[in-house]
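J.: Here it is, the structure in full.
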Amino acid sequence: MVCEDCENRAVYISLSGRSLCSKHFKKYFEKKVMQTIKRYSLIEYGERILVACSGGKDSTALLSFLLRLMKNKRENIAAIAVDEGISGYRDVKLNGLVEFCEENNIPLHTYSFKEQYGFTLDEAVKISRENRLKIKPCYICGVLRRSLINTYARRLGFSKVATGHNLDDEAQTILMNYLRGNPSLLARLGPKTGIVEDEGFVQRVKPFYFCTEKEDAIYAILTGIEVDFVECPYHVENYRLEIRDFLNRLDSTIPGVKHSLVNNFLEILPLLKREYSARSIGRCRVCGNPSAREVCRACMVVEKIKPFLGGNVNREQ
Ligand code: SF4
């Protein structure tokens, strides 16, 4: 198969049947991302952007893309990474990210659960299992990571946090929240997350929102980013895995089903945001972060784990 824009060998065939070589695929991908950024006003000129990096291909590819996009304002871009303390996984992923940031001269801000909360994710999972606390690893991980990133993005003075979420991720999250009956969580989704504006929240944006997992992987490989397939040991306990496999099976028999799910969801998203925007946001009485509850989810997790720890617990305010 050859590229439809030149005679070179195609590396990609789109849903609509377009075949593209590496050069034209990169153009197609970057154009799609630029259209998303413009259409949803994800990044304005002169804004300081913090890229939430996991060491995986999506966030590293996003960092690489934004570096090129903001080449005249490189000082406005930095990376943030959270080391949850997942032995044999996050440490490996973060090594690659450190190298990438050093090679490209990008400031990297790294924070760990251990120094911020007093325990690693591995320790929290062990405590939860031994004491039947019934808190899932991914819940602990996601809630604490989001809280840390928001706190430090605000303190460091960034106006947006960019994440590498792609169309597959969004389709999974939409379906998970539909099936769990979580309309208020659905309302927070979209290319720009959140429902209410609050000076305590740093807006999260997803420039790769309309790019599929496969497109991200091809783009990462073509831009020289090392793609590994190391998976988190806790991913098997994640409900998302079942949804991911289900959607992939469905998409192989009904091509484009993930696109339809996301596009249809975007039609109703403004209504959901309007419905839930009236809810008031206060401050968590423990950490002071914005929260719809008296105590935010992150502090609730820490409060449950804390009694089972030996020493003192750090909780930065
Ligand atoms: Fe965290 Fe779960 Fe992802 Fe592992 S699979 S990094 S525990 S959210």
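J.: Give the long-range amide H neighbours of Ser291: residues separated by 5 or more places, or on another chain, with amide H under 5 Å away, using H modelled in the peptide plane at 1.01 Å from N.
T.: Gly282, Arg283, Cys284
J.: Would you mind finding the longest exposed-site-free stretch of the chain, with exposed GluC sites (Glu not before Pro) meaning DSSP loop and at most 15 other Cβ atoms within 10 Å?
T.: Longest site-free region, per DSSP loop and neighbour criteria: 45-196.
J.: For region 71-172, which trypsin sites (Lys or Arg not before Pro) are in a loop by DSSP, counting at most 11 other Cβ atoms within 10 Å?
T.: Filter output for region 71-172: Arg132, Lys134.
J.: Same structure, new question: So which chymotrypsin sites (Phe, Trp or Tyr not before Pro) in region 17-47 end up in coil per DSSP with only 14 or fewer other C-beta atoms within 10 Å?
T.: When the chymotrypsin sites (Phe, Trp or Tyr not before Pro) of region 17-47 are filtered for loop state and at most 14 Cβ neighbours within 10 Å, Tyr45 remain.
J.: Out of all DSSP beta bridges in the chain, what portion is antiparallel? Express it as a percent rounded to 5.
T.: 25 percent
J.: Only Cα pairs under 8 Å and at least 6 apart count here; give the relative contact order of the chain as a rounded whole percent.
T.: This gives 20 percent for the chain.
J.: If you don't mind, there's one more thing I want to ask. Taking springs between alpha-carbon atoms closer than 10 angstrom, which of His235, His165, His259 fluctuates most in the Gaussian network model of the chain?
T.: His235
J.: What value, in deg cm²/dmol to 500, does the helix sum -39500 (n - 2.57) over DSSP H runs of n ≥ 4 give at 222 nm once divided by the residues of the chain?
T.: -15000 deg cm²/dmol
J.: Another question about this same structure. Cα-Cα over 26 Å: which of Lys136/Lys273; Lys38/Lys273; Lys38/Lys136; Lys93/Lys136?
T.: The pairs that break the limit, which is 26 Å between Cα atoms, are Lys136/Lys273; Lys38/Lys136.
J.: A follow-up question, please. What is the angle, in °, between the Cα long axis of helix 257-277 and the longest principal axis of the Cα atoms in the chain? Nearest 10 is fine, range 0 to 90.
T.: Between helix and principal axis, roughly 40 degrees.
Each reported figure results from applying straightforward, stated rules to the coordinates on display, with no laboratory input. Given the structure is predicted, the values throughout are model-derived calculations rather than measurements. When we count neighbours, we look across all protein chains shown, and the Cβ atoms used for this are built from the backbone with ideal geometry, even at glycine.
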